[in-house]
Amino acid sequence: MYQAESRPSSFYQADPQSRTPSINSRDLINNGEYPQDYRQSRSQSRLPRMSQYDPSDGPDFSYTPEGDDFYQPNDQGSPYPPPPRSVGAQSVRGVSPSPASAPILDHSHLHPGSKAALLSHERTLELYRANAKKTQDPDIQFEFAVFMIDASKTLPLPEPTPGNVMEVEKALAKREDLVREATSLLKRLADRGHPASQYFLADCFANGIGTPKGKQDFDRAFPLFVLAAKHGHPDAAYRAGTCCENGWGCRRESAKALQFFRKAAAASHPGALYRLGIAELNGELGMSKRPREGVKWLKRSAEHATAEFPHALYELALLHERGIDNVVFVDYEYALELLAQAAELGYTPAAYRLGECYEYGKMGCPQDPALSIHYYNIAAQQNHRDACFALTAWYLVGSPGVLPQSDTEAFLWAKRAGEAGLAKAMYAVGYFLEVGIGTPADLQEATQWYKKAADLGDRRAMQRLRGDPNTPLQHTGGPGAVLHRGDGDSSSALKGGKDKDCIIM
């Protein structure tokens, strides 16, 4: 049974600011070669296009976001100017390339002055605001609003101390003012029928940006998703379908959700194509089970897969791993190719699955510690708890010529997996703390981790809690110990030897 996950997209997601273990370049050495990291950066920076700025004019400090007339349409009656002609489309034949040894541009005569410095946050905003005020281009105004939302999240905050409470409150107030100004501008543009502004404002409301107490407000987001969808915005059509499917800001209506999904799918939206494929496979959204049609939708979604919607690649890989009678044949090679594409887009389940394949030699893969650790690391860096715990096992025994053995790293990865809610990792952290592996022994803290694991049903933790807490466990390496390492031969580099030597895993 294939379950579709609801993943409403968001423009803003906070980056975790916590101490996390990592694998450095010294950890992955494979005959002088490093496995290629397939992850691609998903972050993109969008800065407003600035019209020519005349310093003699100076910024207009009297600007207020409410009641200003510069957001009105131009004299021609249409708020949308014709798109500029691409310079890259012009012919460049006949231009001789310059010699490879000579630089294209010589900047040796440019030297910064002794007082050169970056503009302050406030000055940068003033310049952007002044340039946005001079134009009637809704796209530039929209980009300025996006910039203000981004700036509100990166505006520096002083370290809170008992003596600077007022400064922290003022900085927070500045952030709120930026969000308020940005949403006000987005509302004006949305009222003028600007699809990107309609969708972006809806996304803000859906993620608690510009709402009272930062709570999600789908009652305001859903109508804007619908408006943007009517203007041909594929992402808005997909999000409107998701709202109708889950009853967010509207009644739960499968038929209406299908209409929005099909509208987005007509524009080759990978998320909508994937949702229709899963619905056909499982008979959801009021549809009958039609695996063949479902696979067709998934293939179309895989062709248009992005870092935000790589799910079809993973689902197709699972289908080709198991096969469906008269619909999908078993093809391990193609399944691995699909998993690699999904992992390259940063999809953690695909990366973890590849780590397992190269660790155990599944699906025709050779047992390759370097590739296994590489793919586990891709998933673990995005807090995939099973991948974190898999790295714990690798660090406990190490891999000759690939990964040095490290009890400290093993403890840190196990703790990270336990904090993510993995019961067996919680028990492992408790054991490490009790015996003192990779961390100083602490029986009291170990008991707390045992209790967490027992609450999730871990039997070993329950047995340990029922025993005498003042009787420590046997230390590493003794007969009957929870953790026992072999003699360090090369066979322990693979998971077969790892499971044999590491009973705790």
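The values are calculated or read from the model by the stated rules, or taken from the named source; none is laboratory data. Please read these numbers as outputs of a predicted model, since none were measured by experiment. With ideal geometry, Cβ positions are generated from the backbone for all residues, glycine too; neighbour counts draw on all protein chains shown.
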(request) Could you tell me which residue of segment 276-318 is nearest to Tyr358 (Cα to Cα), considering only residues that are surrounded by fewer than 23 Cβ atoms within 10 Å (Cβ to Cβ) and in contact with a strand residue (DSSP E or B) (Cβ under 9 Å, 6 or more places away or on another chain)? (result) Val295
(request) Keeping to segment 263-275, report how many residues are buried (at least 20 other Cβ atoms within 10 Å of the Cβ) and part of a loop (DSSP other than H, G, I, E, B). (result) 1
(request) Mind checking which helices (runs of 4 or more DSSP H) fall wholly inside segment 142-256 and carry at least 2 residues that are under 25 Å from Ser268 (Cβ atoms)? (result) 195-206, 218-230, 234-246
(message) Checking the condition farther than 30 Å from Thr392 by Cβ, touching a helix residue (DSSP H, G or I) at 6+ places or on another chain (Cβ under 8 Å) and either among the β-branched types (Val, Ile, Thr) or at pLDDT below 95 (or both), which residue from Gly286, Gly323 passes?
(response) Gly286
(request) Test each condition in (1) surrounded by fewer than 23 Cβ atoms within 10 Å (Cβ to Cβ); (2) within 25 Å of Pro369 (Cβ to Cβ) for Gln463 and report the one that comes out false. (result) (2)
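One line per residue, one yes/no per condition, for (1) assigned to a helix (DSSP H, G or I); (2) charged (D, E, K, R); (3) free of Cβ contacts under 8 Å to residues at least 60 places away in the same chain:
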| site | (1), (2), (3) |
| --- | --- |
| Tyr314 | yes, no, yes |
| Ala317 | yes, no, yes |
| Glu337 | yes, yes, yes |
| Glu359 | yes, yes, no |
| Ala370 | yes, no, no |
| Tyr375 | yes, no, yes |
| Thr392 | yes, no, no |
| Ala410 | yes, no, yes |
(message) Checking the condition in contact with a Gly (Cβ under 8 Å, 6 or more places away or on another chain), among the polar types (S, T, N, Q) and at pLDDT below 95, which residue from Gln463, Gln474 passes?
(response) Gln474
(request) Assess whether Gly210 counts as being of a type in the set (Gly, Ala, Ser), at pLDDT below 95 and under 27 Å from Arg300 (Cα atoms). (result) no
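Would you confirm whether any residue within segment 278-294 is touching a Pro at 6+ places or on another chain (Cβ under 9 Å), in a helix (DSSP H, G or I) and without any contact (Cβ under 8 Å) to a residue 60 or more places away in the chain?
yes
Within the group Leu433, Leu443, Leu422, which residue is closer than 19 Å to Leu465 by Cα, over 30 Å from the mean Cα position of the chain (by Cα), aliphatic (A, V, I, L, M) and crowded, with 19+ Cβ neighbours inside 10 Å?
Values: Leu443 fails: crowded, with 19+ Cβ neighbours inside 10 Å; Leu422 fails: over 30 Å from the mean Cα position of the chain (by Cα).
Just a single option satisfies the conditions, and that option is Leu433.
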(request) Quick one: in segment 214-255, of everything that is under 24 Å from the mean Cα position of the chain (by Cα) and surrounded by fewer than 17 Cβ atoms within 10 Å (Cβ to Cβ), which residue is modelled with the lowest pLDDT? (result) Gly214
(request) Note down all Cβ pairs under 6 Å where the first residue falls in segment 180-208 and is without any contact (Cβ under 8 Å) to a residue 24 or more places away in the chain, the second is surrounded by 19 or more Cβ atoms within 10 Å (Cβ to Cβ), and they're at least six residues apart or on different chains. (result) Leu201/Leu186; Leu201/Ala190; Leu201/Leu224; Phe205/Asp217; Phe205/Ala221
